[in-house]
Amino acid sequence: MTATRTTAAGTRRSRVPAAHEQRLGSTRTLLLEDGARVRRTVLPGGLRVVTEHVPGVRSAAFGIWVGVGSRDETPAQAGAAHYLEHLLFKGTQRRSALDISAAIDAVGGEMNAFTSKEYTCYYARVLDQDLPLAVDVVSDIVTSALLLDADVDGERDVILEEIAMRDDDPGDLVHEEFADAMYGRTPLGRPILGTVETIESITPRAIRSFYKGKYLPENMVVAAAGNVDHGAVVRLVRKAFGAAGLLDGDSLPSTPRSGRFRTRGAGDVRVLTKTTEQANVVLGVPGVPRDDERRFALGVLNAALGGGMSSRLFQEIREKRGLAYSVFSFANHYADTGMFGVYAGCMPKKVDDVLAIARDELAKVAVSGLTDEELERGKGQVRGGLVLGLEDTGSRMSRIGKAELLAGDLWSTAEVLAAVEAVSIDDVRAVAGSLLEVEPTLAVIGPFDADRDFSSALG
């Protein structure tokens, strides 16, 4: 069931997605690595359970990953996925909102949730002995939320406050404006929080319909990591989801998103006039999807270009010229597209200089790539970030849960490190040249007139 393919980043095994390898109800070990064992079971209804036993720890992280994010909404539903994230903590048939929070607080655990463009996660981290409680509480809120009219209406103002808080932070808002400029009026272009108009108009009935239509077992992954036993976790999950009537039928897990997303176009400029002390800018281009082999080369490029204090952008813009306090590059990956860009916050009078330097550095790397020293430093940053990010059970739970939900495949840490190490100067130059050949998109927030000309920043 494995094949070998050679890529620009080296040779690795290519696994058939797990959903097609396994019968419902069977269990298999995904990999053995560093003493940690990852196992996977598909329950009736298509619900996937993945666990990682981590020796030597006394904690356990448990999460339920739902393949629903803001890109799964219609324009009228904009913000529904995030709205649901709030509402699921408001009460179930068995627990009030206070009961939910008190149960985890009483054992010294932590519980939370978050919504992204493509998925939503509900999770808890507790002592290993309290894992049954965490499974019960988190499963209860995900499977059996009441979604009462009063709760929907009561939480509406909370969501609107969250939108207002986002709008008051230009460092956050500029990324929303950039996404809208790049993707336009599409699901990826819309903000995760929704808009004031959609949040004010969405009805309890619409929220309940979205919940029932999207929160299905075949679209969920249950993940646990730490001092956990796979069989015990499966039994706990089977009991919790079975009690909610969600393990009926023989559905297979849903297929990860695929296809090709088209961006709105190159060279768009978005200027949002706000009376701020700083100008906040994002300059970027379409990136690569999360399964694109070039993502490793892009990760190294991103680290060397704007990932730390030794990066080109930090050195040129902050250290040498003192033009900005905050400056960095970023790479985001989605199922069928991505984005790669530069962010900076600076005094309004310095914005032209900052953008000129950023554009110049992007042009240089597109033509010449990185130096040998930058390449090795970039690889080191990526390696360190990966390994240090797996030092707690919560991050390990996130790793296996996201991998199963988004790809149906899990790379071992050793495989990822090998792919990063295999990145060459030519790989980086190729991905930089390919992505940066298009005219960039620009978003600017600051005390500028709406018709302020920023075209010089685009090349």
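The values are calculated or read from the model by the stated rules, or taken from the named source; none is laboratory data. All values derive from a computational prediction rather than experimental measurement. We place every Cβ from the backbone using ideal geometry, glycine too, and count neighbours over all the protein chains shown. Heavy atoms of the whole protein, side chains included, go into the accessibility calculation; ligands, DNA and RNA do not. Shrake-Rupley method; radii C 1.70, N 1.55, O 1.52, S 1.80 Å.
Scan the stretch 297-308 and give yes if some residue there is open to solvent by 50 Å² or more (accessible area, probe 1.4 Å) and either part of a loop (DSSP other than H, G, I, E, B) or on the phi > 0 side of the Ramachandran plot (or both), otherwise no. Within the stretch 297-308, none of the residues are open to solvent by 50 Å² or more (accessible area, probe 1.4 Å) and either part of a loop (DSSP other than H, G, I, E, B) or on the phi > 0 side of the Ramachandran plot (or both). Taken together, Ala450, Ala457 contain a single residue that is among the aliphatic types (A, V, I, L, M), modelled with pLDDT under 95, assigned to a helix (DSSP H, G or I) and over 28 Å from Arg125 (Cβ atoms), which is Ala457. The lone criterion from (1) open to solvent by less than 30 Å² (accessible area, probe 1.4 Å); (2) over 19 Å from the mean Cα position of the chain (by Cα); (3) at pLDDT 95 or above; (4) not acidic (Asp, Glu) left unmet by Met397 is number (2). Of all residues in the stretch 260-275, which are at pLDDT below 95, in contact with a strand residue (DSSP E or B) (Cβ under 6 Å, 6 or more places away or on another chain) and assigned to a loop (DSSP other than H, G, I, E, B)? Once the filter is applied, which keeps residues that are at pLDDT below 95, in contact with a strand residue (DSSP E or B) (Cβ under 6 Å, 6 or more places away or on another chain) and assigned to a loop (DSSP other than H, G, I, E, B), the stretch 260-275 yields Thr263, Asp268. Screening Ile163 on (1) free of Cβ contacts under 8 Å to residues at least 40 places away in the same chain; (2) under 14 Å from Gly79 (Cβ atoms); (3) under 21 Å from the mean Cα position of the chain (by Cα); (4) open to solvent by 10 Å² or more (accessible area, probe 1.4 Å) shows it passes everything except condition (4).
Which residues, taken from the stretch 338-353, are among the β-branched types (Val, Ile, Thr) and part of a helix (DSSP H, G or I)?
As a first pass, look at the stretch 338-353 and keep what is among the β-branched types (Val, Ile, Thr): 342, 351.
Val351 - this is the single residue of the stretch 338-353 that is among the β-branched types (Val, Ile, Thr) and part of a helix (DSSP H, G or I).
Selection of the stretch 50-73 for residues being open to solvent by 10 Å² or more (accessible area, probe 1.4 Å) and hydrophobic (A, V, I, L, M, F, W, C) yields Val54, Val57.
Annotation note: of Ala150, Ala106, Ala179, the sole residue that is out of contact with any Ser or Thr (no Cβ under 6 Å at 6 or more places or on another chain), free of Cβ contacts under 8 Å to residues at least 12 places away in the same chain and over 27 Å from Val54 (Cβ atoms) is Ala150. Taking the stretch 178-259 and the helices (runs of 4 or more DSSP H) fully enclosed by it, the elements with 3 or more residues that are more than 26 Å from the chain's Cα centre (by Cα) and surrounded by fewer than 18 Cβ atoms within 10 Å (Cβ to Cβ) are at 230-243. State yes or no: is Ala418 open to solvent by 50 Å² or more (accessible area, probe 1.4 Å), under 23 Å from Asp372 (Cα atoms) and either touching a strand residue (DSSP E or B) at 6+ places or on another chain (Cβ under 7 Å) or among the aliphatic types (A, V, I, L, M) (or both)? In short, yes.
Do we find that Glu439 is among the acidic types (Asp, Glu), in a loop (DSSP other than H, G, I, E, B), in contact with a helix residue (DSSP H, G or I) (Cβ under 6 Å, 6 or more places away or on another chain) and surrounded by fewer than 21 Cβ atoms within 10 Å (Cβ to Cβ) in this structure? Walk me through how you get there before you give the answer.
On the way: among the acidic types (Asp, Glu): yes; in a loop (DSSP other than H, G, I, E, B): yes; in contact with a helix residue (DSSP H, G or I) (Cβ under 6 Å, 6 or more places away or on another chain): yes; surrounded by fewer than 21 Cβ atoms within 10 Å (Cβ to Cβ): yes.
Yes.
Examine the stretch 137-153 for a residue that is part of a loop (DSSP other than H, G, I, E, B) and either buried (at least 23 other Cβ atoms within 10 Å of the Cβ) or not hydrophobic (A, V, I, L, M, F, W, C) (or both), and state whether such a residue exists. Yes, some residue in the stretch 137-153 is part of a loop (DSSP other than H, G, I, E, B) and either buried (at least 23 other Cβ atoms within 10 Å of the Cβ) or not hydrophobic (A, V, I, L, M, F, W, C) (or both). Restricting the stretch 365-379 to residues that are free of Cβ contacts under 8 Å to residues at least 24 places away in the same chain and in a helix (DSSP H, G or I) leaves a set whose member that is surrounded by the most Cβ atoms within 10 Å (Cβ to Cβ) is Glu376. Right, Lys402: of a type in the set (Lys, Arg), closer than 30 Å to Leu131 by Cβ and open to solvent by 50 Å² or more (accessible area, probe 1.4 Å) or not? Answer is yes for this residue. When Ala124, Ala103, Ala113 are checked against the criterion of being more than 23 Å from the chain's Cα centre (by Cα) and open to solvent by less than 40 Å² (accessible area, probe 1.4 Å), a single residue qualifies: Ala103. Within the stretch 73-97, being touching a helix residue (DSSP H, G or I) at 6+ places or on another chain (Cβ under 6 Å), farther than 13 Å from Ile202 by Cα and among the small types (Gly, Ala, Ser) holds for one residue alone: Gly91.
Filtering the stretch 394-413 to residues that are aliphatic (A, V, I, L, M) and in a helix (DSSP H, G or I) leaves Met397, Ile400, Ala403, Leu405, Leu406. Scanning for something under 30 Å from Asn280 (Cβ atoms), open to solvent by less than 60 Å² (accessible area, probe 1.4 Å), without any contact (Cβ under 8 Å) to a residue 40 or more places away in the chain and in a helix (DSSP H, G or I), does the stretch 386-393 turn up at least one residue? For the stretch 386-393, residues under 30 Å from Asn280 (Cβ atoms), open to solvent by less than 60 Å² (accessible area, probe 1.4 Å), without any contact (Cβ under 8 Å) to a residue 40 or more places away in the chain and in a helix (DSSP H, G or I): present. Of the residues making up the stretch 56-77, those that are part of a loop (DSSP other than H, G, I, E, B), out of contact with any Ser or Thr (no Cβ under 8 Å at 6 or more places or on another chain) and touching a residue at least 40 places away in the same chain (Cβ under 8 Å) are Arg58, Glu73.
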